[in-house]
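Below is one structure; the comments refer to it alone.
The values are calculated or read from the model by the stated rules, or taken from the named source; none is laboratory data. The model shown is predicted, which means the values in this text are computed figures rather than measured ones. With ideal geometry, Cβ positions are generated from the backbone for all residues, glycine too; neighbour counts draw on all protein chains shown. Areas reflect the complete protein model, heavy atoms only, side chains present, ligands, DNA and RNA absent. Shrake-Rupley method; radii C 1.70, N 1.55, O 1.52, S 1.80 Å.
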Amino acid sequence: VQTHDGGKTTLTAILAKASKGIVIFAYPKASTTECTTQACLFRDNYTAFTDAGYSVYGLSGDQPGANEKFRNKQNLTYTLLCDPTYELHEKLGIKKSPKGTIRSVIIIEK
């Protein structure tokens with residue numbers, strides 16, 4: 001998948017960097033009311049996750065540009081993953097048919 005800054009990564013790569021595991025919260029659309037609330041809750045509790053050894057990532061079907069703007073506007077401290085093809089969504093079981101995101105939280109332990 002792409003990151004908010006246009007880079008590329010994999011689930012394997014981000015899991016390898018984490019101490020204990022990763023937390024991925026999936027949100028339907030950047031810069032909408034509920035998604036902003038969700039993202040800010042993870043921002044405000046970021047230290048609790050990282051102190052426990054978990055890396056935090058947001059995931060949506062948005063393009064990098066939309067997620068970059070969202071991240072900057074909300075002062076988010078973690079990476080946003082962009083999956084406009086919903087391939088990762090489907091693998092995680094959070095793809096809304098025919099396309100879209102089921103709001104969810106996924107924890108993957110090492």
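Points worth noting:
- Protein-only accessible surface order, largest first, of PHE25, PHE42 at 1.4 Å: PHE42, PHE25
- Accessible-area value, VAL23, 1.4 Å probe, nucleic acids and ligands omitted, Å²: 0 Å²
- Cα-based reach from LYS20 at 27 Å (exclusive), listing lysines while leaving out same-chain residues under 8 positions away: LYS8, LYS91, LYS95, LYS110
- The candidates ASP83, ASP44, ASP51, arranged from most to least accessible area with a 1.4 Å probe in the full protein assembly, appear as ASP51, ASP44, ASP83.
- Per-residue SASA entry for LEU92, accessible area with 1.4 Å probe, Å² rounded to 10: 40 Å²
- Value of D in µm² per second that Stokes-Einstein yields for the range 2-109, Kirkwood Rh from Cα pairs, at 10 °C (1.306 mPa s): 116 µm²/s
- Stretch gain in nm, segment ILE108-SER31, where the contour uses 0.36 nm per residue and the Cα spacing is subtracted: 25.1 nm
- Along the range 22-35 the Karplus relation, 6.51 cos²θ - 1.76 cosθ + 1.60 evaluated at θ = phi - 60°, assigns HN-Hα couplings of 10, 10, 10, 9, 9, 9, x, 7, 4, 6, 9, 4, 5, 5 Hz to successive residues, with x for each Gly and Pro.
- Over the chain, Cα pairs under 8 Å with separation of 6+ residues give a relative contact order of 38 percent.
- Measuring only protein heavy atoms, the 1.4 Å probe finds SER104 accessible over about 30 Å².
- Per residue, the range 25-108 exposes an accessible area of 52 Å² to a 1.4 Å probe, with every protein chain left in place.
- Positive-pole candidate from GLN2, LEU59, SER97, dipole of the chain, charges at beta carbon: SER97
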